[in-house]
């Protein structure tokens with residue numbers, strides 16, 4: 001009985017293997033055949049069955065053979081989507097755009113123009129990486145909106161642009177914050193942080209980071225002043241105090257207000273201390289200047 005069961009299992013396995021080989025052989029025969037009509041129908045069937053890898057093989061072969069024929073438009077449409085379904089967004093983006101450029105009057109042109117832009121969107125990386133594709137996606141989506149202002153997809157395109165701008169905004173904010181964090185190694189980075197934070201506010205006036213940024217500008221300016229040479233500190237501390245005044249007026253209930261007030265007090269104290277320091281250094285400086293003048297006069301008399 002055990003032997004019979006084993007033979008049955010082997011028979012079933014052999015039948016399945018032969019079936020797979022037969023199917024593969026059938027696909028290969030079709031792929032190598034010149035029956036384009038049958039190949040086209042099978043490619044569509046494979047696409048609808050979500051067998052995208054096999055469908056792509058047939059579509060790729062048919063593209064050249066149907067060039068210039070009426071069926072080429074639909075064929076190219078499915079070819080672009082097959083690449084998209086396989087998550088090859090770079091290739092599908094190219095073919096979607098080519099479709100829209102080649103068949104601008106097609107009822108599918110609008111959809112393909114949007115999909116080309118959407119593929120750029122899908123290739124946009126996390127904010128910490130290079131954002132070239134994000135910029136290209138924004139450009140492509142904006143072009144779509146300009147070309148099809150009445151399209152039902154305009155709302156979605158606008159939402160995608162907002163998402164991408166949010167990513168660029170976060171990257172700009174984090175880059176500015178990096179200058180602030182590395183100021184202890186090079187105090188000029190504090191000045192760079194002030195400039196970078198202000199650029200974020202300029203480029204993204206509605207940024208969600210606005211309150212935090214304006215607080216961090218005060219902080220960066222304070223540390224820039226504190227690490228400057230003595231005779232420039234008063235001026236730079238005063239600038240930090242001026243920033244604090246504007247911040248307190250604009251955000252009277254800010255969660256950063258207490259910290260900002262502490263920085264303002266430190267800046268006031270810094271001004272007092274640097275004034276005392278410069279006052280003690282001034283007589284020495286004047287004495288050195290007198291000696292230099294006497295030496296110069298003596299040299300001139302000997303001449």
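The lone criterion from (1) under 17 Å from residue 184 (Cβ atoms); (2) assigned to a helix (DSSP H, G or I); (3) in contact (Cβ under 8 Å) with a residue 40 or more places away in the chain left unmet by residue 221 is number (3).
Among the residues making up the range 154-187, those that are in contact (Cβ under 8 Å) with a residue 40 or more places away in the chain and outside any helix (DSSP H, G or I) are 183, 187.
With the structure loaded, tell me whether residue 151 is farther than 25 Å from residue 207 by Cβ, assigned to a loop (DSSP other than H, G, I, E, B) and not assigned by TED's automatic domain parsing to the domain that holds residue 220 or whether it fails that test. Against the criterion (farther than 25 Å from residue 207 by Cβ, assigned to a loop (DSSP other than H, G, I, E, B) and not assigned by TED's automatic domain parsing to the domain that holds residue 220), residue 151 qualifies.
Across the range 52-87, the number of residues qualifying as in a loop (DSSP other than H, G, I, E, B) and surrounded by fewer than 16 Cβ atoms within 10 Å (Cβ to Cβ) comes to 7. For the range 43-58, filtering for residues that are without any contact (Cβ under 8 Å) to a residue 24 or more places away in the chain and within 16 Å of residue 77 (Cα to Cα) leaves 3.
The values are calculated or read from the model by the stated rules, or taken from the named source; none is laboratory data. The model shown is predicted, which means the values in this text are computed figures rather than measured ones. Neighbour counts are summed over all protein chains in view; Cβ atoms, including those assigned to glycine, are modelled from backbone coordinates with ideal geometry.
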